[in-house]
1. Taking into account only those residues within the stretch 3-45 that are touching a Lys or Arg at 6+ places or on another chain (Cβ under 7 Å) and more than 28 Å from Asn224 (Cα to Cα), which is surrounded by the most Cβ atoms within 10 Å (Cβ to Cβ)?
2. Against the condition in contact with a Gly (Cβ under 8 Å, 6 or more places away or on another chain) and either in a helix (DSSP H, G or I) or over 25 Å from Phe3 (Cα atoms) (or both), how does Asp100 come out, does it pass?
3. Does Phe115 satisfy the criteria of being assigned to a helix (DSSP H, G or I) and either in contact (Cβ under 8 Å) with a residue 12 or more places away in the chain or more than 24 Å from the chain's Cα centre (by Cα) (or both)?
4. Take the stretch 1-41 and flag every residue that is among the hydroxyl-bearing types (Ser, Thr, Tyr) and out of contact with any Asp or Glu (no Cβ under 6 Å at 6 or more places or on another chain).
5. Give the residue that is nearest to the chain's Cα centre (by Cα), with candidates limited to residues of the stretch 128-170 that are charged (D, E, K, R) and part of a helix (DSSP H, G or I).
6. Which of the residues that make up the stretch 30-65 are outside any loop (DSSP other than H, G, I, E, B), of a type in the set (Val, Ile, Thr) and modelled with pLDDT of 90 or more?
7. Residues in the stretch 103-112 that are buried (at least 16 other Cβ atoms within 10 Å of the Cβ) and either assigned to a loop (DSSP other than H, G, I, E, B) or in contact with a helix residue (DSSP H, G or I) (Cβ under 7 Å, 6 or more places away or on another chain) (or both): how many?
Amino acid sequence: MEFNLTKDICFFDLEATGLNVIRDRIMQIGIIKHFKNGKEPEQLDMLINPGIPIGLEALGVHGITPKDVANKPTFAQVAEKLHAFIGNADLAGYNISRFDVPLLMEEFARAGIDFSIEKRNIVDMQRIFYKMEPRTLGAALKFYCGKKMENAHNALADVEATIDVFKGQLKMYADIDYEDKDGIIISAPVKNDMKAIHDFTQDPKAIDVTNRLKYNDIGEIVFNFGKYTGQPVKKVIMKDKQYYHWILNKEFSVQVKNIVKDLMKEAEKGN
């Protein structure tokens with residue numbers, strides 16, 4: 001299929017040091033530019049030295065190490081080239097509205113370039129997906145059970161619909177294998193076994209329901225927010241008692257506060 005274009009369009013994706021569009025930096029950018037005049041698409045792919053540490057979670061996703069980018073140019077050094085390549089093209093990609101576009105705009109701003117999106121169309125495949133395949137209970141009931149939602153947002157009716165959806169999922173996926181992003185295949189994980197369902201759907205690194213704390217790759221409890229993101233909670237609160245008390249006095253969940261208190265007790269016993 002050929003795209004019906006009234007202007008050029010750049011499909012692009014970024015890999016970064018983390019997920020904060022203000023604090024984090026671009027490490028890799030890949031662009032495929034399609035032209036309105038129908039000429040052959042052009043590609044641009046470059047690694048970029050971010051100049052700041054790479055988050056452990058980000059490293060686990062894209063695998064780009066400090067060594068990989070140590071001798072690569074900074075964003076400021078390639079900004080003019082990138083800006084010229086993109087030109088006045090529209091922008092397209094998956095989840096670019098929330099992450100890639102704002103991060104790219106921040107990087108251009110730091111390089112002294114005004115990268116405006118006011119006259120660009122933003123084409124986000126994730127938003128198409130979510131709008132055309134809504135993740136509501138009513139949509140799930142229709143998809144799995146062929147039923148129309150009646151009396152929506154009545155608590156008991158919603159529970160009954162949820163039970164029907166679960167039964168439909170167990171039936172639909174009974175013999176379906178799952179392949180994750182790394183190509184690892186799990187044999188028929190959706191089965192009539194609550195422990196198996198839990199293990200399949202829950203993040204094994206998650207600790208609290210608000211996702212403020214998590215396990216790192218060696219089983220330590222680390223912060224998943226703020227200035228100490230990725231750092232072991234026990235070590236941080238022993239070193240920075242003020243931060244410990246700040247957590248206890250701010251609007252964190254009871255679960256988070258209790259975990260942090262327990263870790264402080266363990267740390268003090270260790271001393």
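1. Among them, the one singled out is Cys10.
2. Yes.
3. no
4. If the condition is that a residue be among the hydroxyl-bearing types (Ser, Thr, Tyr) and out of contact with any Asp or Glu (no Cβ under 6 Å at 6 or more places or on another chain), then Thr6 is the only one that fits.
5. Lys131
6. Within the stretch 30-65, Ile31, Ile32 qualify.
7. 3
Yes or no, residue by residue, for (1) closer than 18 Å to Ile117 by Cβ; (2) in contact with a helix residue (DSSP H, G or I) (Cβ under 9 Å, 6 or more places away or on another chain); (3) not polar (S, T, N, Q); (4) not in a loop (DSSP other than H, G, I, E, B):
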{"position": "Lys7", "(1), (2), (3), (4)": "yes, no, yes, no"}
{"position": "Leu14", "(1), (2), (3), (4)": "yes, yes, yes, yes"}
{"position": "Leu19", "(1), (2), (3), (4)": "no, yes, yes, no"}
{"position": "Ala79", "(1), (2), (3), (4)": "yes, yes, yes, yes"}
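The values are calculated or read from the model by the stated rules, or taken from the named source; none is laboratory data. What you see is a predicted model, and the numbers here were worked out from it, not measured in a lab. Here Cβ is always computed from backbone atoms with ideal geometry, including for glycine, and neighbour counts include all displayed protein chains.
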